[in-house]
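These notes concern the structure reproduced below.
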Amino acid sequence: MAVINPYIWGTGRRKTSTARVRIKPGTGKFLVNDKEFDQFFVTDDTRRAAVEPLVVTETRNNYDVWVNVAGGGITGQAGAIRLGVARALVEYDEKYKPMLRRAGLLTRDARAVERKKYGQPGARKRFQ
């Protein structure tokens, strides 16, 4: 007998961060790397970014969310979680797709740090 997985998965990336997001219908519990959401994200802008897909779809307390995130800094991790949650919501129910697309939450932010060039002190700066 096959066991049906109750979780819906979504993967998000931003800069060098990668987030693996699991959601299932529940009471609104949100864990990031086995920590409470408010303990992991200490600033308002990172908290706002991470839950934005749930706020846009008005489902903040309808899903339990578990996230494993690695790489980068806190801001990049919040952006990765945002994309992962949005993708998981669309995987769960297609009716969320137009709302999330309109809010720009299903597009990966491709901006990253430009590499340093040889013979220069940085990516763009030149020696005097």
Task: Unique match (being among the charged types (D, E, K, R) and either in contact with a Leu (Cβ under 9 Å, 6 or more places away or on another chain) or closer than 23 Å to Val113 by Cα (or both)) among Asp93, Asp38, Asp64 - done: Asp64
Task: Residues of region 76-100 classified as of a type in the set (Ser, Thr, Tyr) and in contact with a strand residue (DSSP E or B) (Cβ under 8 Å, 6 or more places away or on another chain), total - done: 1
- [ ] Filter region 74-110 down to residues that are open to solvent by less than 40 Å² (accessible area, probe 1.4 Å) and among the small types (Gly, Ala, Ser) and give me whichever is nearest to Asp45 (Cα to Cα).
- [x] Ala78
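Going by what's in this entry, would Tyr63 be described as surrounded by fewer than 18 Cβ atoms within 10 Å (Cβ to Cβ), touching a strand residue (DSSP E or B) at 6+ places or on another chain (Cβ under 7 Å) and of a type outside the set (D, E, K, R)? Don't jump to the end; show me each part of the working.
Details: surrounded by fewer than 18 Cβ atoms within 10 Å (Cβ to Cβ): no; touching a strand residue (DSSP E or B) at 6+ places or on another chain (Cβ under 7 Å): yes; of a type outside the set (D, E, K, R): yes.
Here the answer is no, as Tyr63 does not meet what is asked.
Just to be sure, is Val56 over 15 Å from Ile8 (Cβ atoms) and among the aliphatic types (A, V, I, L, M)? Steps first, answer last, please.
Working: over 15 Å from Ile8 (Cβ atoms): yes; among the aliphatic types (A, V, I, L, M): yes.
Yes: the conditions hold for Val56.
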Task: Qualifying positions in region 1-40 - among the β-branched types (Val, Ile, Thr) and over 15 Å from Ile74 (Cα atoms) - done: Val3, Ile4, Ile8, Thr11, Val21, Ile23, Thr27
Task: Which listed residue, of Phe30, Phe40, is open to solvent by 10 Å² or more (accessible area, probe 1.4 Å), at pLDDT 95 or above and in contact with a strand residue (DSSP E or B) (Cβ under 7 Å, 6 or more places away or on another chain) - done: Phe40
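Determine which member of the set Arg20, Arg47 is closer than 30 Å to Glu114 by Cα and either at pLDDT below 95 or open to solvent by 100 Å² or more (accessible area, probe 1.4 Å) (or both). First the steps, then the outcome.
Details: Arg47 fails: either at pLDDT below 95 or open to solvent by 100 Å² or more (accessible area, probe 1.4 Å) (or both).
So the residue among Arg20, Arg47 that is closer than 30 Å to Glu114 by Cα and either at pLDDT below 95 or open to solvent by 100 Å² or more (accessible area, probe 1.4 Å) (or both) is Arg20.
The values are calculated or read from the model by the stated rules, or taken from the named source; none is laboratory data. Note that the coordinates shown come from a computational prediction; the quantities given were computed from them, not determined experimentally. Quick reminder, even Gly has a Cβ in these numbers, built from the backbone with ideal geometry, and neighbours come from all protein chains shown. Ligands, DNA and RNA are excluded from the accessible area calculation, which covers all protein heavy atoms including side chains. Shrake-Rupley method; radii C 1.70, N 1.55, O 1.52, S 1.80 Å.
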